[in-house]
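The values are calculated or read from the model by the stated rules, or taken from the named source; none is laboratory data. What you see is a predicted model; the values in this text were computed from it and never measured. Just so you know, the surface numbers come from the protein's heavy atoms only, side chains and all, with ligands and any DNA or RNA stripped out. Shrake-Rupley method; radii C 1.70, N 1.55, O 1.52, S 1.80 Å.
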Amino acid sequence: MMKITVKVDGMMCGMCESHINDAVRRAFPEIKKVSSSRSKGETVILTETDLSDEKLQKVIGDTGYKVGPITRGEEEAKKGFFSFLHK
């Protein structure tokens, strides 16, 4: 799964985070998860398919926040309590 991190400047509260999350979900219904953090100044998106940088910048920018760099990486699988059974 791909992890896309978008730096976002201007989030001040939980409603700011929700506003961005809702906008991203509406624009990209194929994503698995989106989470924004005002303290980290970023939005993290988990998806199986790549997303257009231009569309991401527009969707988040249209909410009134300043969009910074976008980075991509692989999401690390979380190890659960019974993960030792899947070796």
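First check a/c for the stretch 1-48, with a ≥ b ≥ c the square roots of the eigenvalues of its C-alpha gyration tensor; if it is under 1.5, answer rounded, and if not, answer prolate when a/b is larger than b/c or oblate otherwise. It is oblate, given that a/c is not under 1.5 and a/b is not larger than b/c. Of the residues Ser36, Ser52, Ser18, the one that moves most in a GNM of the chain with alpha-carbon contacts below 10 Å is Ser52. The long axis of helix 14-27 is offset from the longest Cα principal axis of the chain by roughly 80 degrees.
You can think of it this way: the chain between Lys33 and Lys66 has 9.8 nm of extra reach, that is 0.36 nm per residue less the Cα-Cα gap.
Protein heavy-atom accessible surface, 1.4 Å probe, per residue over the chain: 68 Å². Within the chain, all pairs of alpha-carbon atoms sorted by distance into 10 Å bins from zero give the percentages 17, 49, 22, 9, 2.
Taking the 1.4 Å solvent-accessible surface of the chain as the whole, the part contributed by carbon and sulfur is 53%.
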